[in-house]
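Right, one structure below, let's go through it.
The values are calculated or read from the model by the stated rules, or taken from the named source; none is laboratory data. Just so you know, these numbers come straight off a predicted model, no measurement behind them. Every residue, glycine among them, receives a Cβ derived from its backbone with ideal geometry; neighbour counts consider all protein chains shown.
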Amino acid sequence: MTTGPATASAATRLYRALLVVCPPAFRAAYGAEMTRLFRERCDRATTHGRARFARIALAGFSDLLTQGLSARTETVRAATRRPSMTAQFIRDVRLAARTLVRQPGYALTVVITLALGLAATTAALAVLDAAVLRPLPFPAPHRLVSIVQGDQAYGTPFAPPYLADLRDRTTSFETVAGFSPSWGGVLTAPEERAVTSCYVSDGALETLGIVPIAGRLFRPEEHQSPEPVALVSESFFRSLFGQAAVLDGQRISFGGAAMTIVGIVSSDLRMPIMASIVNPRPQPADIWLPFRLNQYWTVRSVPVMNVVGRLREGVTVADAGAELAIAAANLAREYPEMSGGQSIRALPLRDVVAGPIQSRVALALLAVACLLLIGCANVTNLVLARASARQNELAVRASLGATRTRLVSQLLAESVVLSLAGTVAGVALAAWMLAATPALLVEALPPSAVLTIGPRVVAAAAIVGFCCAALVGLFPALKLSKDAPARALGGGLRTTSDAAARRLRSALVVVEVALALMLLVGAGLMAASFWKLSRVDPGFDVQPVFSTGVAFGGPRYAAADARRAFVDDAVGRLAALPGVETAAAVNRLPLSGANTFVGIEVEGAPTADGRPITVDRRVVTPAYFDAIGIAVVAGRAFALEDRFDSEDRVAIVNQAAARTMAAGGDPLNRRLRLMLRGGPGPWLRVVGVVDDVRHHGLAAPAAPEVYVPYAQAPVESMVFVLRSATPDRLAAPVKATLKAIDPHLPVLANNQAAMSTLVGESLARPRVQAAFVNAFGAVALALAAIGIYGVVSYTVARMRRDIGVHMALGARRRDVLVRILRRQMLLVGAGIALGVAGAGAAARLLETLLFGVSATDPATFAGVSLLLAVVALVAAWLPARRATLIDPVVALRPE
Amino acid sequence: MTDRDLLSFLPLTPVAFEILLALGDGERHGYDVMLAIETRTGGRLSPNPGTLYRAIDRLVAEGLIDVRERQADRGEPRRFFRLSKLGTRVAAAEVERLSDQVAAARGMRLLRRAGRP
């Protein structure tokens, strides 16, 4: 089996990052060539299989580390004439390395513990670097701003025509450009499939410094001319025209228009803001089009354009903001109906893309810090135990004239070697972890962020590793070196600092329990939240429903009658399929992420601020409520007599809309009208009220909705919804039925899904998050248990003689056991109290991730405290019991 | 420089000596040096990048080889290395030292006793 070039690239990136160990001058002179040579060796090795590749890569890493470190030693030596402290310390490090190699069990335990903690830390640091510190991999990112309107935290986009107004009325910006990602659509040639498109204005790709892989970006005149052109992503191009295809004026048909491909962009290209009002579920685009081709290009009422600006050199965000405020006031005068009272602001683009994720990253850092500290506490205990065993050796050294500094240096050197090994292993593990990260976690990052372990992350990890070395090594080193002379004189006598060591061990237990409790509370809350979320009633039936979408592109369906005829025919034929109970159609499925927001005006009930109420409009056929299982709570459902030529135009509202529009009164027979593209629509009479549905995700409350009959609003894409006992078997017959009516109409095969799949997707991210946090909690619990076990084992081993004396004097085994356990459980209790306080303080960070559970949920706090106490009791009981089983005679023998 | 000064460079490390040998027939860049070493030793010696460039760095610092940055056939400019006058003399001195040792070993019939021709 061979290894792919991706693995070789990953290894090369790691190699490049590890170059930091070399002295800067050496790195500057040869770093690039060394990396190239390493890559060439890897590439050669890949053809010989995985094992050969791994051997070559590992040999390269270890060679780099040895040579780099020894080059550094040399530099240090050259710089100091006498053997300095540093040179001395480096000698100690070598000695320590040799000593540790002879004790592989101890060394491995410590290195693995530290590596696990440091791997998690490195991964979290990589996320911090990619998502929060450098989320915009574009030139001069600090000059990029997002221009938004409205007062919500991150504002709302603009209707496309305002782009020209913003350009005309500002001087703060080098460029102002707009884009709109994540539009669905149908490709009809060279083959039929659903695609995602992104519309860009002139200057949008240029402002972000995007360079095409092949061909070119749009020319300025192509944003005006009627001849349609497109850019496509590399993976999309390859899937359409084959792996080996080159760009050569290929043509595609999209949205009913034939267009020429003029350039190919990276498949990884993400606009910095992915979610848009038309489709909040971010998807990378297959096709990039001039904004002119967007249906809303000239519509002043539909805000679909994200606007970004590049500030002129020397202009601040505040300057631009002041200018935009003036522009907003003028626009409000000119277009009172749309911009009235709306403010326009400039927000640093970095804040817009990284802001929403900051608290999550902080949470992740907090969690990994807890884990790392628990690991450090365990390691400190090991170091302490081992150092105690070496007391005699140290005493001899001290009496031979070693100064205290020398002794500390020697003891610290071991921690340095161990944490260095831990760091290298941790970084390697983190690189692997990131490669294996669930896509859903990556999806939560800012879309343009690039998640890799670069030199900055490696350097930060090295600093953290060094701090670990200081943390786990310093106290034992100081304590033991202080003791050494006394021990040299006093033989096996106990010294005062035994008490200090005991206090340290007690502190370790308290800290470990407190940290583990914090992680467990987080895990418990996430689990409870997920459980609540998975039991939310979405407001419709999930199991027995199957859906499949069609889109009416092209001239044949330009007329509403043609679309109506197709839908009527299809609903009739689908209802007749074996196994189908009811068939209906809707324009936007619940939970699909697609929604149509419009303003409504209720007759005789003007809103306080004169602005229309925003509702979600859904277009449905008569049997829809029946098919998907939405209850009609008042009035009636749509019926066949609600025809396109009826005088009586009708609508149905959900309960949320009924509450908003009728303010407690009866909404039935009141009239409302929708504010559509071309102005207000006809008055509609409310004939029914239906139950609320979770259209926007299970965690989001139901929004006001207005349903209108398809016969009176024949929109351009519909999703057929079938109620059946066997929804999983319907894909093929449904497609065949639709193709039988019109063989050329695109049936969106990738839109076919049982409704349970959509609900499952809505739960997927919370599920991954909960699983992630729970894995952390489980590891923390295990580490804390191991730590407590270790401390108690060590303590009772030291107390052997005391226990022996007690039992020889007639103490009962049970009393001795209780005495040991009581002391440990007091410590555990203190740790739990501390942890509860800490978790209470940190819970604020969790609040936004929780659903239906308070961040200070008493049941969760009590439950995990109890769990931790029980685990701790068992961990302490095992070694304590063993200690009390010994024969007093054996225990009393001199050591 | 006297012969005595030359001796202060000796003995060369195996990798350093191989690098000087590889540069014996002209200018090469790093990758080329590695290939030359691999070819000459039949793959027994294939220095890792760290070892190779560290040795090169030392040889440059000691003035045994010269560096020149030059456009390769394609891609970015690469560093090319070639033997300096001093380097040639040191390499020769090392060869003398080694052949002296080899001659001594032959005289003692070491090889034959070890069962080798």
Answer with yes or no whether B:Arg97 is assigned to a helix (DSSP H, G or I), among the basic types (Lys, Arg) and either surrounded by 18 or more Cβ atoms within 10 Å (Cβ to Cβ) or within 14 Å of chain A (Cβ to nearest Cβ) (or both).
no
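So is A:Arg81 surrounded by fewer than 20 Cβ atoms within 10 Å (Cβ to Cβ), under 42 Å from the mean Cα position of the chain (by Cα) and at pLDDT below 85 or not?
Judged against the criteria, A:Arg81 is not a match.
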In the list B:Leu45, B:Leu10, B:Leu35, which residue meets the criterion of being assigned to a loop (DSSP other than H, G, I, E, B), out of contact with any Leu (no Cβ under 7 Å at 6 or more places or on another chain) and within 14 Å of another protein chain (Cβ to nearest Cβ)?
B:Leu45
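Got a sec? Which of A:Ala880, A:Ala843 is buried (at least 16 other Cβ atoms within 10 Å of the Cβ) and touching a helix residue (DSSP H, G or I) at 6+ places or on another chain (Cβ under 6 Å)?
Only one candidate passes the filter, namely A:Ala880.
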Does the stretch A:217-230 contain at least one residue that is surrounded by 19 or more Cβ atoms within 10 Å (Cβ to Cβ), closer than 21 Å to A:Met305 by Cβ, of a type in the set (Gly, Ala, Ser) and in contact with a Leu (Cβ under 9 Å, 6 or more places away or on another chain)?
yes
Matching residues, the stretch A:574-589, being outside any strand (DSSP E or B) and more than 15 Å from A:Asp728 (Cβ to Cβ):
A:Leu574, A:Ala575, A:Ala576, A:Asn587, A:Arg588, A:Leu589
Tally of residues being surrounded by 13 or more Cβ atoms within 10 Å (Cβ to Cβ), more than 15 Å from A:Met34 (Cβ to Cβ) and in contact (Cβ under 8 Å) with a residue 24 or more places away in the chain across the stretch B:25-47
3
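Going by the conditions given, is A:Ala10 touching a Cys at 6+ places or on another chain (Cβ under 9 Å), touching a residue at least 24 places away in the same chain (Cβ under 8 Å) and either loosely packed, with under 15 Cβ neighbours inside 10 Å or aliphatic (A, V, I, L, M) (or both)?
No; evaluated as a whole, the condition is false for this residue.
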Looking at A:Leu519, A:Leu574, A:Leu525, can you tell me which residue is closer than 15 Å to A:Tyr710 by Cβ and not basic (Lys, Arg)?
A:Leu574
State all residues of the stretch A:173-213 that are among the charged types (D, E, K, R) and within 16 Å of A:Arg143 (Cα to Cα); if no residue qualifies, say none.
A:Glu174, A:Glu206
It is to be established whether one or more residues within the stretch A:466-479 are assigned to a helix (DSSP H, G or I) and at pLDDT below 75.
yes
Of the residues that make up the stretch A:395-406, is at least one farther than 23 Å from A:Ala507 by Cα, assigned to a loop (DSSP other than H, G, I, E, B), of a type in the set (Ser, Thr, Tyr) and at pLDDT 75 or above?
yes
Got a number for residues in the stretch B:48-89 being modelled with pLDDT of 90 or more and exposed (fewer than 13 other Cβ atoms within 10 Å of the Cβ)?
1
Taking the stated definitions as given, is A:Ser70 within 14 Å of another protein chain (Cβ to nearest Cβ) and at pLDDT 85 or above?
yes
For A:Val110, state whether it is outside any helix (DSSP H, G or I), surrounded by 14 or more Cβ atoms within 10 Å (Cβ to Cβ) and among the aliphatic types (A, V, I, L, M).
no
Restricting attention to the stretch B:48-59, does a residue exist that is under 20 Å from the mean Cα position of the chain (by Cα) and more than 13 Å from chain A (Cβ to nearest Cβ)?
no
Restricting the search to the stretch A:1-27, which residues are farther than 22 Å from A:Leu434 by Cα, away from chain B (no Cβ under 12 Å) and modelled with pLDDT of 85 or more?
A:Pro24
Hey, can you tell me all the residues within the stretch A:520-536 that are closer than 24 Å to A:Val721 by Cβ and free of Cβ contacts under 8 Å to residues at least 40 places away in the same chain?
A:Arg535
Do you know which residues across the stretch A:508-556 are among the small types (Gly, Ala, Ser), crowded, with 23+ Cβ neighbours inside 10 Å and under 30 Å from A:Thr188 (Cα atoms)?
A:Ser547, A:Gly549
How about the stretch A:28-59: which of its residues are more than 10 Å from every other protein chain (Cβ to nearest Cβ), surrounded by 18 or more Cβ atoms within 10 Å (Cβ to Cβ) and either under 26 Å from B:Arg58 (Cβ atoms) or β-branched (Val, Ile, Thr) (or both)?
A:Cys42, A:Thr46, A:Ala57
Can you find a residue in the stretch A:187-208 that is of a type in the set (Val, Ile, Thr) and exposed (fewer than 14 other Cβ atoms within 10 Å of the Cβ)?
no
Within the stretch A:194-230, residues closer than 19 Å to A:Gln295 by Cβ and in a strand (DSSP E or B) come out as A:Ala194, A:Val195, A:Thr196, A:Ser197, A:Cys198, A:Tyr199, A:Val200, A:Val229, A:Ala230
